[in-house]
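In what follows, a structure is listed as structure tokens, so that the remarks can point back to it.
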Amino acid sequence: MPEQITITLTALRRKAEDIRAELSLDQAPPAELTTKYLGKKGKFNELAKDIRLVAPDDRKEAGQILNELKESLEKQINKLTLEQDLAPEWTDMTIPGQPPKLGHIHPVSQAMEEVTRIFERIGFTRVRYQEIDWDHYVFEALNMPPNHPARDEWETFFVDAPIDKKFGKVVLTTHTSNGQVREMERLNSQPPIRMINIGRCYRRQQDATHTQMFHQFEGLVVDKGITIQNLKGTLDYFAQEFYGPGTKSRIRPFHFQFTEPSFEVDFSCHICHGTGLVDGKDETGKPAKVKCKFCKSGWHEVGGAGMVHPNVLKAGGIDPDEYTGFAFGWGVERTYTLKPGLNIDDIRLFYSGEMRFLEQF
Ligand code: FA5
């Protein structure tokens, strides 16, 4: 069956003109133009297929139209290639430069700076002790003699290093409490001591609320007549300064080898203000008080505290009959995630290197 004639010479000419006009406006580099217009699947070949739709008597003239088109496309592309090759390399010095991407301080470092400023205002001195330390400072001087079962709680990384006769094994510090006796020694066992020790700690733990490397800040105050009231006042002061006015602290009985009595420290939830309840709706849709999803109980636990054990004072060369003291140690990451406005449910994000997370601080 003869093929249907659908294209006149006039239409073919118009199509050829359109292709020429399109090329004259095309800004692509010459190599791309060759593929786009003269390549196997290019615009010229697409049009050339139409020749079978031209009336047999007009085919000769149609061939000429196509030949002229091909020649003019080649000429135009060659001209552009030549111009590109001959174009002098130059730089427009007036174009504004690309500003370098500015980083900012890591959120955990921001938190440490804030904690430092808060405690410095009430006379604490910021110190930092080694994160790889002797067993002596991490455990033994803190009333945990060798083989004491309390040591098991700390999930310690031990360093493969020679054991010292006096100081024992080398460990990655499991808590900043190693700074307690070190600070007493630094001050030649002469109170008053008001230390805030912030540093890295390591434990064999890994989940949404625990990382193998994390930070703690440790407060230590030793002087004559220091009582639990001084500890509680300091906790309340920190709670208000760090979390905002109205935040309360709460201490609950606990056990640490190096404090007696010992406590766990909680701060009131800024969403439900310590009540554990927020405005919501009951099953029938009526307004009602419902459980606060952020804290579930009204309070958030941040760390431990207590009155310095007499054996620890003795290890630091201080007479426990003359002096008393309090200490506390909290996780920086944990304390920071509870700030109003932050909703971080996995502290591993801090160390993920995920820019979409870090750029928000
Ligand atoms: C201690 O580390 C005690 N040294 C605290 C202390 C100091 C008590 C002085 C008394 C006197 P604990 O193991 O509970 O206690 O840790 C304290 C806080 O550190 C925890 O509440 C948590 O906020 C943080 N923390 C502990 N382990 C991790 C971890 N693997 N990742 C992140 N934060 C952690």
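The values are calculated or read from the model by the stated rules, or taken from the named source; none is laboratory data. Treat the numbers as computed from the prediction; the structure is a model and nothing was measured. Neighbour counts run over all protein chains shown; Cβ positions are idealised from the backbone, glycine included. To get the accessible areas, we keep the full protein, side chains included, count just its heavy atoms, and leave off ligands, DNA and RNA. Shrake-Rupley method; radii C 1.70, N 1.55, O 1.52, S 1.80 Å.
Does the stretch 248-256 contain any residue that is under 14 Å from Ser177 (Cα atoms) and either of a type in the set (Ser, Thr, Tyr) or touching a strand residue (DSSP E or B) at 6+ places or on another chain (Cβ under 6 Å) (or both)?
yes
Of all the strands (runs of 3 or more DSSP E) wholly in the stretch 277-319, which have at least 2 residues that are modelled with pLDDT of 90 or more and within 16 Å of the ligand (Cβ to nearest atom)?
On the way: elements: 277-281, 287-291, 299-308.
The strands (runs of 3 or more DSSP E) meeting that bar are 299-308.
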*Any pair with Cβ under 7 angstrom, 6 or more apart, that starts in the stretch 249-263 at a residue that is over 14 Å from Leu235 (Cβ atoms) and more than 9 Å from the ligand (Cβ to nearest atom) and ends at one that is among the hydrophobic types (A, V, I, L, M, F, W, C) and open to solvent by less than 50 Å² (accessible area, probe 1.4 Å)*: Pro253/Phe263; Gln257/Leu142; Gln257/Met144; Gln257/Ala150; Glu260/Met307; Pro261/Met307
*Would you be able to say whether some residue in the stretch 216-230 is in a helix (DSSP H, G or I) and loosely packed, with under 15 Cβ neighbours inside 10 Å?*
yes
_Candidate set from the stretch 166-182 (those that are more than 11 Å from Trp134 (Cβ to Cβ) and not polar (S, T, N, Q)); member that is surrounded by the most Cβ atoms within 10 Å (Cβ to Cβ)_ = Gly179
*Would you be able to tell me the number of residues in the stretch 332-346 that are touching a Phe, Trp or Tyr at 6+ places or on another chain (Cβ under 8 Å), more than 30 Å from Asn188 (Cβ to Cβ) and surrounded by 21 or more Cβ atoms within 10 Å (Cβ to Cβ)?*
2
*In the stretch 327-342, which residues are more than 10 Å from the ligand (Cβ to nearest atom) and either free of Cβ contacts under 8 Å to residues at least 60 places away in the same chain or more than 16 Å from the chain's Cα centre (by Cα) (or both)?*
Pro340, Gly341, Leu342
*Looking at (1) touching a Leu at 6+ places or on another chain (Cβ under 9 Å); (2) among the small types (Gly, Ala, Ser); (3) more than 19 Å from Arg194 (Cα to Cα), can you tell me which one Ala305 breaks?*
(3)
*Quick check, is Asp92 open to solvent by less than 80 Å² (accessible area, probe 1.4 Å) and either farther than 30 Å from Arg194 by Cα or in contact with a Gly (Cβ under 6 Å, 6 or more places away or on another chain) (or both)?*
yes
